[in-house]
Amino acid sequence: MSDGRAQFRDAALPVAARVEDLLGRMTLEEKVDQLHQCGIGDANPNNLAERPDEFRPTYGSFILNGVQADLATRNALQRMCVERSRLGIPAIFGCDVIHGYRAITPIPLAQACTWDPELVRRACAATAAMAHAQGVDWTFAPMVDHCTDPRWGRVAETFGESPFAASRFAEASVRGYQEAPIPIAACLKHYVGYGASEGGRDYSATEIPPQALWERHLPPFEAGVRAGARAVMSAFNDLNGVPTSGNRQTLTEILRERWQFDGLVVSDWNAVLQLLHQGHTATEAEATARAITAGVDLNMADGLYRRHLARLVRAGTVPLAVVDEAVRRVLRVKFELGLFERPFVEPSALTGAAPDAGQLALCEEVAVRSLVLLKNDAGTLPLPAAAKRLALLGPLALDAGALLGSWAQQGRGEETPTIAAELQARLPAGSELVVAAGCAIEGGGREGFAAALAAARKADFVVLCLGEQWSMSGENASRSSIRLPGWQEQLALEVAALGKPVALVLVTGRPVELHRIEPHVGAILAAWQPGSRAAAAIARVLLGAANPSGRLAVTWPRTTGQIPLYHNMRPRARRDPEGFIRTCRPRRTTPSATA
């Protein structure tokens, strides 16, 4: 590496001057490489382990998801970038750090139920420290999509259905990540309209009228931009006929020109390639040109910029000025993060370590504050002191992994206590706890019903732990129905029929149908997917040691057929359409005997 007396190395100069000096030294190929983001784990066509010939030390960014996401790998890649490239430009390392890293906080939908942006800011700051210790410079969070359809799996990642509340949580998250003692860059996603997927089916097209777009979908993004987010991720979806990763109106006219956003825009995974699948372009080269001229700076994973962009510039199809502006944005973020001065992350006490007591205490605080008591008839909860024999039933009673949620990153089930373990440890002396799953979360049959019902018959009080597996929410995890999966509903009904006091604990990534179960249980606690200290939070609430102060951030439909259902729906034309129809419909008369 030789760059003479490069001004861009001088940390005393303004960032803008350093960017211009470095940009002026770069070849077209080096510029294009800075606009490529390469994954280093999992089944990725650009996986370094599988195709090392595809790696160039001039790549702009790497994704640290998957089994190879460790500090040693990160620093080794960074060393290649700064020592084996002509200009020594460091890479920026991104990761899906959504709600915790090794210590896992509740899913964002649960965080929104705290209605406490400051608490969420603290959680994001703690997460930033954990992630940075593993080499993460940039998180692909917060997700601020607006969604009113709980069938969509990614509703779990939203901050609920209120654009105002989501805007406040967007601000808090950005500040938590970026203003932490050890900051990482935040990325607002998925811009924009992704949460309005038709039928709740992931990756589907969205049709959003302009007023709804401006009132519901854009405000959280604008709030995050005003809070200083360094990055925005373009979405997968087709928005009103134009895919969002090729949409100049949203990416340039609104984001850049109206809001004056000067950070970088990264495409979602393979989103530029998917312009072909959406029928928006006919070739990879055309998709490349469409995306970068619309305003996508950094191309995630599919490699289209790397394969086609230099040729498109030389052919005059894409102006060099467009490429230069995209490179400026990527370099600006790197300079602002101090990567040129500190390209490597030194191991610390947090590197590779199990969560410490402080991290877990914060996870537990957020979890307790996020629990929502949906029902509590006749003081069913907390558990009465007179109840000495307790039955803890349901497949979620012994499943630690399901408590962590779909974006648990480096969270580990073996480090997460089960609800059964925490409740047993906290019960007063002389209490007896019998645990039985009864059935699987999904699939299986009634094989476990007999043991569960036998335990319930002998118990003074029954706690049912039902819900979803972690994989049933998150990306590409939409459901056609929000009923509890498998045999769980039937288990609940048969247990309730025994006449014992029953409290239902729900571990889910979305609201679920309860209209068949709700009349038969005394209490319902929505626990969501509460993270590393889920079991402790749930046990404390069941025993009355903590108050379930959470309030719903999303409307809870009684049945799937009510969807969409949300708090700020426009008023209907008739307040009682059923009554009106009954009044106006002609009455049927019984024919007389002489007719």
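Among the residues of the stretch 387-404, is any part of a loop (DSSP other than H, G, I, E, B) and touching a Pro at 6+ places or on another chain (Cβ under 6 Å)? Looking for residues that are part of a loop (DSSP other than H, G, I, E, B) and touching a Pro at 6+ places or on another chain (Cβ under 6 Å), one finds none in the stretch 387-404, hence no. Scanning the stretch 499-533 for residues that are acidic (D, E) and either modelled with pLDDT under 95 or over 18 Å from A378 (Cβ atoms) (or both) yields one hit, E513. The set of residues in the stretch 535-556 being under 28 Å from Q211 (Cα atoms) and crowded, with 22+ Cβ neighbours inside 10 Å consists of A553, V554. Here V232 clears all of (1) outside any helix (DSSP H, G or I); (2) surrounded by fewer than 24 Cβ atoms within 10 Å (Cβ to Cβ) except the condition numbered (2).
Looking for something without any contact (Cβ under 8 Å) to a residue 24 or more places away in the chain and within 23 Å of the chain's Cα centre (by Cα) - is there at least one such residue anywhere in the stretch 395-411? Within the stretch 395-411, not a single residue is without any contact (Cβ under 8 Å) to a residue 24 or more places away in the chain and within 23 Å of the chain's Cα centre (by Cα). Among the residues making up the stretch 189-226, those that are outside any helix (DSSP H, G or I) and surrounded by fewer than 19 Cβ atoms within 10 Å (Cβ to Cβ) are R201, D202, Y203, S204, A205, E207, P209.
Take the residues of the stretch 261-284 that are in a loop (DSSP other than H, G, I, E, B) and among the hydroxyl-bearing types (S, T, Y): which is most open to solvent (accessible area, probe 1.4 Å)? Show your work before the answer.
If we filter the stretch 261-284 for residues that are in a loop (DSSP other than H, G, I, E, B), which is where we start, we get 261-263, 268-273, 278-283.
Then keep just the ones that are among the hydroxyl-bearing types (S, T, Y); that gives 281, 283.
On the way: T281: 12, T283: 66 Å².
Per the criteria, the residue is T283.
For the stretch 285-342, filtering for residues that are modelled with pLDDT of 95 or more, open to solvent by less than 30 Å² (accessible area, probe 1.4 Å), of a type in the set (D, E, K, R) and within 27 Å of the chain's Cα centre (by Cα) leaves 2.
Taking the listed residues L433, L381, the one that is over 27 Å from the mean Cα position of the chain (by Cα), in a loop (DSSP other than H, G, I, E, B) and under 18 Å from A535 (Cα atoms) is L381, with no other qualifying. In the stretch 106-120, the qualifying residues are those that are assigned to a helix (DSSP H, G or I) and over 13 Å from E365 (Cα atoms), and the one that is most open to solvent (accessible area, probe 1.4 Å) is P117.
Cβ-Cβ distances below 7 Å connect the following pairs, each with a first residue in the stretch 245-267 that is among the aliphatic types (A, V, I, L, M), a second residue that is assigned to a helix (DSSP H, G or I), and a separation of six or more residues or different chains: L251/A294; L264/R329; L264/V330; L264/V333; V265/L251.
The values are calculated or read from the model by the stated rules, or taken from the named source; none is laboratory data. These numbers were taken from a predicted model, which means no experiment stands behind them. Cβ: placed from backbone, ideal geometry, glycine included. Neighbour counts: every protein chain shown. Protein only, heavy atoms only, side chains kept; ligands, DNA and RNA dropped before computing areas. Shrake-Rupley method; radii C 1.70, N 1.55, O 1.52, S 1.80 Å.
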